[in-house]
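Inspection log for the structure reproduced underneath, given as structure tokens.
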Amino acid sequence: MRHETMAVDRLPALAFADAATAAGNAPSILNTQPWLWRVHPNRLDLFANRDRRLTAGDPQGRQLTLSCGAALHHARIALAADGWAAHVTRLPKASDPDLLATLVVSGRTPVTMEAIRLAHAMHIRHTDRRLVIERPIPEVGIQAIAAAARAEGNLHILTADDVADLGSAAGRAAAVEAGDAQIAAELMYWTGRTRLSGTGLPASVLPDHPTQTSVPGRDFGRPGTLPVGAGHDRAAVYALLFGDGDGPLDWLHAGESLSAAWLTATTIGVSVVPLSGVVEVAGTCHTLRRLLAGLGHPYLALRLGIANPEPHRPSPRTPRLTRAQVVDDSAVPPGAPVDRH
Ligand SMILES: Cc1cc2nc3c(=O)[nH]c(=O)nc-3n(C[C@H](O)[C@H](O)[C@H](O)COP(=O)(O)O)c2cc1C
């Protein structure tokens with residue numbers, strides 16, 4: 001459905017800076033926000049910031065690139081909601097693997113209600129690790145989330161039998177990660193007091209005790225203060241993001257797919273919790289491959305469920321880096337000539 005009016009005319013460089021800022025709301029592995037945006041008068045570049053890579057928990061940079069893909073999709077939505085048609089080139093320069101994407105605008109475009117809804121969702125989406133409520137997600141909701149994910153990548157919804165296998169694989173992955181001193185140290189850093197300000201996970205978003213669940217969530221190595229409630233999340237649905245290859249371009253698309261699925265889920269009150277440990281531990285990743293039965297490579301497992309409404313106590317949020325730490329607009333000199341469309 002099309003909105004009647006076009007957004008007011010904006011300069012591309014300003015729109016790029018706004019889109020990059022809005023993309024700061026994207027989810028990222030351990031809230032590392034491993035991206036850097038560079039704004040040019042007629043171009044927006046997305047770089048991976050490997051200073052914030054998890055060298056032990058994410059040695060290949062898969063989760064880092066997935067996170068940047070989610071930020072890329074956020075920026076695309078922000079531009080669309082601002083009335084800009086954008087063209088994206090992914091991994092444009094073989095000699096610079098940190099340059100993950102370049103966006104240019106090709107002109108003005110009518111703002112759709114869908115873009116407005118998704119742009120609004122960027123500001124309220126968050127990872128809610130509490131138990132989901134007992135009510136199942138209506139089939140139409142699952143289909144809407146799957147369709148959003150599939151517009152950018154691939155999503156496989158697991159059967160009850162598959163969920164049992166995912167549960168035991170996630171348990172094994174948690175044990176392997178807990179026994180790895182370097183991974184444990186990384187977790188301690190990103191959840192601890194000495195972490196870089198504006199990043200990581202405060203105690204307020206971490207469960208106060210392990211939930212009763214078919215698939216154990218990440219063991220953060222310390223209890224948080226988030227009351228997760230009693231009961232069992234048997235109404236949750238589990239899914240796998242997957243694709244043909246297992247390289248940076250595949251991970252970037254998968255991150256865009258994650259963002260598309262998560263923003264759509266947010267618009268219909270469905271909570272999403274990613275589970276990445278089970279992909280990063282080689283032995284358990286193998287189980288996921290088997291669950292995909294030849295469909296492709298797994299990138300991320302997802303728990304979907306109806307979020308606990310609890311209107312009087314909104315669930316707490318993770319912090320964010322400042323705009324100046326993730327958006328470099330020094331290439332746009334004041335008064336530089338800019339395109340008007
Ligand atoms: C690629 C990726 C992997 C993630 N893996 C996990 C995970 O294994 N367990 C978990 O509880 N959250 C996971 N998350 C959620 C992040 O911790 C969360 O996005 C981040 O802390 C920012 O918080 P927010 O989503 O509330 O904005 C993951 C997110 C991304 C993008």
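Readers should treat all values here as calculations from the given coordinates under stated rules, not as data from a laboratory. Here the structure is a predicted model, which means the values were calculated and not measured. Quick reminder, even Gly has a Cβ in these numbers, built from the backbone with ideal geometry, and neighbours come from all protein chains shown.
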Amide proton proximity set for Ser271, modelled H, under 5 Å, gap of 5+: Gly305, Ile306, Ala307
Placed amide H near Asp329: partners under 5 Å, 5+ positions off or other chain: Val39
Rounded to 5, the percent of DSSP beta bridges in region 139-306 classed as antiparallel: 90
Region 97-165 versus region 223-302: alpha-carbon centroid distance in Å: 11
Average Cα contact separation per residue, region 1-146, under 8 Å, 6 or more apart, as relative contact order %: 28
Listed residues Val215, Val132, Val176, most fluctuating in the chain (Gaussian network, C-alpha, under 10 Å): Val176
Net charge dipole size for the chain [Lys, Arg +1 and Asp, Glu -1 on Cβ; Debye, nearest 20]: 500
Rg/Rg_ref, the chain, where Rg_ref = 2.2 N^0.38 Å and atoms are Cα: 0.97
Dipole of the chain, positive direction: furthest Cα of Gly269, Gly283, Trp251, with charges on the beta-carbon: Gly269
Packing-based order for 250-257, 137-144, using average beta carbon neighbours within 10 Å, highest first: 250-257, 137-144
Net charge dipole size for region 139-306 [Lys, Arg +1 and Asp, Glu -1 on Cβ; Debye, nearest 20]: 360
Contact order relative to length of the chain, as percent, for alpha carbon pairs under 8 angstrom and 6 or more apart: 27
For region 139-306, diffusion coefficient by Stokes-Einstein and Kirkwood Rh (Cα), 25 °C, 0.890 mPa s, µm²/s: 147
Cut-off under 5 Å, modelled amide H: who pairs with Arg317 long-range: none
Dipole moment magnitude, nearest 20 debye, region 61-134 about Cα centre, only Lys, Arg, Asp, Glu C-beta charged: 60
